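First the structure, in the form of structure tokens, and then the observations on it.
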């Protein structure tokens, strides 16, 4: 089977980046539903920038035209009639009021800008989480065979949060800083073109330095993110396996694993910080050099009468503000690197192909009869190690089929192919005479019920867990299903009956109780095909008896495929299929296979001797 997986975490760790066009397309796809809000943000930013650029001009007018008694600029000459020279103090008051008004307008624009930017960031991160989770839910199980859940959780949580923080703060600041730089350059040229060229001349060197810095910072950020993902994976594995850890007294081992990955995370983070810390001193020294040069030459021009004190003050204010956004943009290189890495990790999931894909013309199969045929089916998780080879099996409607054989023979793979958790690498699987790839995945799987060896229960009520396979089931249907599964009695004795909350993974219930809830879940689903994966293997004799009684009622009138390790559980099956080394070694009823004296007879005899050692025949 050709794997469609690309840009795995391992790829990202080595710096194999996703093309920027692909990332830009992803960003645009996520923000495009909020174009109206983006327009409001843009307009607010324009107003905010305009107020910021206008802020020092009242100070210039007060210094030059009120304190310095110079003539007003030509565009303010009309104010000479309103404020004669002897009443220039009133003009100063007006300048002060205008500063307050500009600050108020800028603050209002900033509020609108911040509010809508945060709103867009929150909704985009929500959309992104849902989109990633939606995609993960529809990936082939092959993907989960090769990817750690902890690392996927890191992407859904940490990486999405990084994008949210970037969108709500850094991106906005970058845009405002860019507008501010452009506006200031125009005003600085108006005040003094020569000094402005000094600032412009230094800027390319800063930008080249930042570009080089960004590459190094991005590599360091990749390492930090990978180590953080590894740490989350170790934490998740340790907490999920806490019972086994305690049972075997391996707390120190798990703690040492965490210590190792945690220290690797610390090392990577400090390395990234060292790289980031180089930037600020370089920018600060450059800004100080340019400011000192302008102050020195500007003072000379003021003394010569070529430049006013107000103009020099405003220019120095602009120069400081000019390098401030340049410095901010440079400092943002690390944030941009983090956001880029986060986007690449998100994109690596979203670009993963759904290996088990629906055909465009796939149809809902409706109610199936349950006639299943394997035609020359082959399958391999790894092309070099085939699991199934040219398997032919026919299961008639309503038959009870047992599948057994030595470990690794392909038993679980057979049922995985029926539900299209995987697709065959050769041959095809048919139900009711039609290739199952012609059916929609949801439609096909709705016709299949599962009772697994270890029933997975979710944190929620007993009622919700039974109805998990069919959420629209009524209370009457849920209770009836529980009765058929021999579960109603113990559920009724629970503190809140069907509303009793079940602990995570159902660990607050016994194995037999979990299995009976799993059977009730299959009953309420009412599927024509039932797959049983050794549902009584982990139960004691008493619990097994109760569960088997429930299963007998569940199997009535359905096509049943049972994976068996204990052959006694399938001895009364209509047909038994024995798999060995990926091939159908034998097929027939229990009696027929015992008479053959082949693989099945050997396995059955070995299990009988192991169960009743006294029955061993001594030759």
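Some notes on this structure:
- Yes/no for residue 444 being outside any loop (DSSP other than H, G, I, E, B), in contact with a strand residue (DSSP E or B) (Cβ under 6 Å, 6 or more places away or on another chain) and buried (at least 16 other Cβ atoms within 10 Å of the Cβ): no
- Residue count for region 379-388 satisfying the condition of being crowded, with 18+ Cβ neighbours inside 10 Å and in a strand (DSSP E or B): 2.
- Every residue from region 570-596 that is surrounded by 20 or more Cβ atoms within 10 Å (Cβ to Cβ), touching a residue at least 60 places away in the same chain (Cβ under 8 Å) and on the phi < 0 side of the Ramachandran plot: 570, 573, 575, 576, 577, 578, 579, 584
- Selection status of residue 476, in a helix (DSSP H, G or I) and closer than 25 Å to residue 548 by Cβ: no
- The set of residues in region 482-518 that are in a helix (DSSP H, G or I) and more than 15 Å from residue 546 (Cα to Cα) comprises 492, 497, 498, 499, 504, 505, 506.
- Residue within region 557-577 that is under 14 Å from residue 532 (Cβ atoms), part of a helix (DSSP H, G or I) and not assigned by TED's automatic domain parsing to the domain that holds residue 410 present: no
- Meets criteria (within 27 Å of the chain's Cα centre (by Cα), surrounded by fewer than 21 Cβ atoms within 10 Å (Cβ to Cβ) and in contact (Cβ under 8 Å) with a residue 24 or more places away in the chain) for residue 470: yes
- For first residues located in region 597-608 and on the phi > 0 side of the Ramachandran plot, partners that are buried (at least 18 other Cβ atoms within 10 Å of the Cβ) and lie 6+ apart or on another chain with Cβ distances below 6 Å do not occur.
- On the stretch given as region 1-59, residues that are surrounded by 15 or more Cβ atoms within 10 Å (Cβ to Cβ), in a helix (DSSP H, G or I) and at pLDDT below 50 total 4.
The values are calculated or read from the model by the stated rules, or taken from the named source; none is laboratory data. These numbers come from a predicted model, not from an experiment. Cβ coordinates were reconstructed from backbone atoms using ideal geometry, including for glycine residues, and neighbour counts include every protein chain displayed.
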